[in-house]
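Undergrad: Before anything else, here's the structure in question.
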Amino acid sequence: MMAETISAEQAAGLVQSGMWLDYGVANCQPDMFDRALAARQEHLENVKIRSCLSMRPRAVLEQDPGGKHFHMFSWHFSGYDRKMHDAGRCHYAPLNLGEVPDYYRRFLDPVDIVILKTCPMDDGGYFNFGPANVWQRAVIDRAKLVIVEVNSQVPYTFGKDNGVHVREVDYMIEGDDQPCVELPNPEPNAIDRAVAARIAAEVEDGACLQIGIGGMPNAVCSLLLESGVQDLGIHTEMLTDGLGLLYCSGRVTGSRKTLDPGKVIYTFALGSRALYATGNRNPDFYCHQVDYTNSPHIIMQNEKVVSINNTTQIDLQGQAASESDGHRHISGTGGQLQFVRGAYASKGGKSFICLASTYEKRGERRSRIVLNLTPGNIVTTPRSDVMYVVTEYGMINLKGKCVAERAKALISLAHPDFREELERQAHEHRLLPRGVSF
């Protein structure tokens, strides 16, 4: 049975007050439907929408500033989602990103309507999700009504369950064919490059990479381009421009991977049009669901897994807070903890948590390495899981270290201007006992 083609306005007319909708992730989020739904706000109330990484302003929020009609719930914040959270319009759901398909299948009520932007239907009758597979299959399996918004600009990407067959689609909307949103890559600064140099030196031939978002992880990719390292593999959550450039350079072959040899494995891509073009109809790239890319027991099956992620604050016992500034939510747990665990369990694997030693706030320089985390800060990676910590001043491995050894090692990574005070605080709070040398 063919899906019925309807207008965005007709599709929005199917929404009733109190419904749960799902907009999907990043470039899979619908635009035509979103605008049509916002135009109906006076007829609706308490419509709840799950989303993740909104890359464009959402009309349902922009045109309903008082929040009388629509409420957004996000699995991970983009800059726009953070702005909406500050305004009280977007709410974060704590998670491990790789578990989300299971949340839909086991713990959440069926979704009333899922609306996803897709490629036009292919010869096999599938609407390809493009470079954002993530948990779409699980949502569709639990949805009462499935709508696709077709967009010819969505790159076609291969991968397991990276599409929905026309038999499962209730309605189809002709989209506006806007290009996918690009995520600008910040140019690495001197500190980014200093941190990246320490990590890049630890990457061996045949290593399998996971790279997080941000200047430091991408700087690692830049330095690997300049190194002699060969036969790299990729098994990551987010496919970044840095990883795309490594692939294009020939340094990524995947030939030494135990799992999915020769394939670049990821669950969503965010970056430049060049990155999207690299993955478009490229059989070397496989876009899988996030419970495959992020599950530690799957990650660990490749050898020499190297996981590289940012944090924003770390305390003297090694707790890494990577997603909030006190009670103000910034991003999300994402896959950081799962990749830290998967890399550690991999034969020869290494996980790196990286950060600049200081930051500026209200004109004042502050240390990111602290005695106590900022009140309200969320621990993303517990002290028991953190392996390597890297700043511009050095690199340490916390595995096997007692509290005193951890405190001393972490103080050595702090900016010199803060070390004396941190050491005084560590002694005062008995993290550093007197009379013991390490």
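Undergrad: Quick check: the distance between the Cα centres of the stretch 127-191 and the stretch 1-80, to the nearest angstrom?
TA: Rounded to whole Å, the Cα centres lie 15 Å apart.
Undergrad: Select from A219, A345, A93 the residue whose mean-square fluctuation is largest in a Gaussian network model of the chain (Cα-Cα springs shorter than 10 Å).
TA: It is A93.
Undergrad: Tell me the relative contact order for the stretch 123-189 as a rounded percent, counting alpha carbon contacts under 8 Å between residues six or more apart.
TA: Answer for the stretch 123-189 is 41 percent.
Undergrad: Considering the options V148, W20, Y80, tell which one lies farthest towards the positive end of the dipole of the stretch 4-174, charges being +1 on Lys and Arg and -1 on Asp and Glu at the Cβ, about the Cα centre.
TA: Most positive-ward Cα: Y80.
Undergrad: Something else about it: How big is the Kirkwood radius of the chain, worked out from every pair of different alpha carbons and given in Å to one decimal?
TA: About 22.6 Å for the chain.
Undergrad: Beyond 27 Å between alpha-carbons counts as too far, so tell me which of K117/K257; K350/K408; K83/K408; K304/K399 fall in that bin.
TA: Pairs exceeding 27 Å: K117/K257; K83/K408.
Undergrad: Follow-up. Please build a GNM for the chain, connecting alpha carbons under 10 Å apart, and tell me which residue among I211, I330, I199 fluctuates the most.
TA: I330
Undergrad: Here's something else I'd like to know. Angle, helix 416-428 long axis vs. longest principal axis of the chain, Cα atoms, 0 to 90°, nearest 10?
TA: Its long axis makes an angle of about 80 degrees.
Undergrad: Something else: Could you tell me the calculated FRET efficiency between S152 and V403, based on Cβ-Cβ distance and R0 = 60 angstrom, to the nearest 0.05?
TA: 0.55
Undergrad: Would you mind calculating the gained length between D176 and R430 on full extension (0.36 nm times residue separation, minus the Cα-Cα distance), in nm to one decimal?
TA: Length difference between fully extended and current span is 85.2 nm.
Undergrad: In a Gaussian network model over the chain where Cα atoms closer than 10 Å are linked, find which of S17, S322, S357 has the largest mean-square fluctuation.
TA: Maximum among the listed residues: S17.
Undergrad: Relative contact order for the stretch 4-174 using alpha-carbon pairs under 8 Å, separation at least 6, rounded to a whole percent?
TA: Relative contact order, the stretch 4-174: 24 percent.
Undergrad: So, one more: I'd like the FRET efficiency for E420 and E187, computed as 1/(1 + (r/R0)^6) with the beta carbon distance as r and R0 of 35 Å, rounded to 0.05.
TA: Once the sixth-power term is evaluated, E becomes 0.55.
Undergrad: Also, I was wondering about something else. Subtracting the Cα-Cα distance from 0.36 nm times the residue separation, let me have the gained length for F438 to A201 in nm, one decimal.
TA: Between F438 and A201, full extension yields 82.8 nm more.
Undergrad: To continue, here is another question. Sort out for me the Cα centre separation of the stretch 320-370 from the stretch 266-319, rounded to whole Å.
TA: When both Cα centres are located, 16 Å separates them.
Undergrad: Over the chain, what is the relative contact order in percent, taking alpha-carbon pairs closer than 8 angstrom and at least six residues apart?
TA: 13
Undergrad: Please give the calculated 222 nm ellipticity per residue for the chain, where each DSSP H segment of at least 4 residues contributes -39500 (n - 2.57) and the sum is spread over every residue; nearest 500 deg cm²/dmol?
TA: -7000 deg cm²/dmol
Undergrad: How about the stretch 246-349: which trypsin sites (Lys or Arg not before Pro) there lie in a loop by DSSP and see at most 15 other Cβ atoms within 10 Å?
TA: In loop regions of the stretch 246-349 (DSSP not H, G, I, E or B), the sparsely surrounded trypsin sites (Lys or Arg not before Pro) are R281, K347.
Undergrad: Here is a further query. Roughly what % antiparallel, to the nearest 5, for the DSSP beta bridges in the chain?
TA: Roughly 25 percent of the beta bridges in the chain run antiparallel, per DSSP.
Undergrad: Along the charge dipole of the chain, which of P296, C248, G66 sits closest to the positive end, that is, farthest toward it, with unit charges on the beta carbon of Lys, Arg, Asp and Glu (+1, +1, -1, -1)?
TA: Checking the options against the dipole of the chain, the answer is P296.
Undergrad: Still on this model: Mind jotting down the distance between the C-alpha centroids of the stretch 387-438 and the stretch 197-220, whole Å?
TA: Cα centroid to Cα centroid, the span is 24 Å.
Undergrad: Over every pair of different alpha-carbon atoms in the stretch 190-428, take the mean of 1/r and invert it; report that Kirkwood radius in Å.
TA: 18.1
Undergrad: Could I ask something else about it? Hey, got the dipole for the chain? About the Cα centre, +1 on K and R Cβ, -1 on D and E Cβ, debye to the nearest 20?
TA: Here the size comes out at about 1420 debye.
Undergrad: Once the piece of chain linking S412 and A39 is laid out straight, how much longer is it, given 0.36 nm per residue of separation minus the C-alpha distance between them?
TA: Residue separation times 0.36 nm, minus the Cα-Cα distance, leaves 128.6 nm.
We did not get these values from a lab; they are worked out from the coordinates using the rules stated. Owing to the predicted nature of the structure, the values given are computational and were not obtained by experimental measurement. Cβ coordinates were reconstructed from backbone atoms using ideal geometry, including for glycine residues, and neighbour counts include every protein chain displayed.
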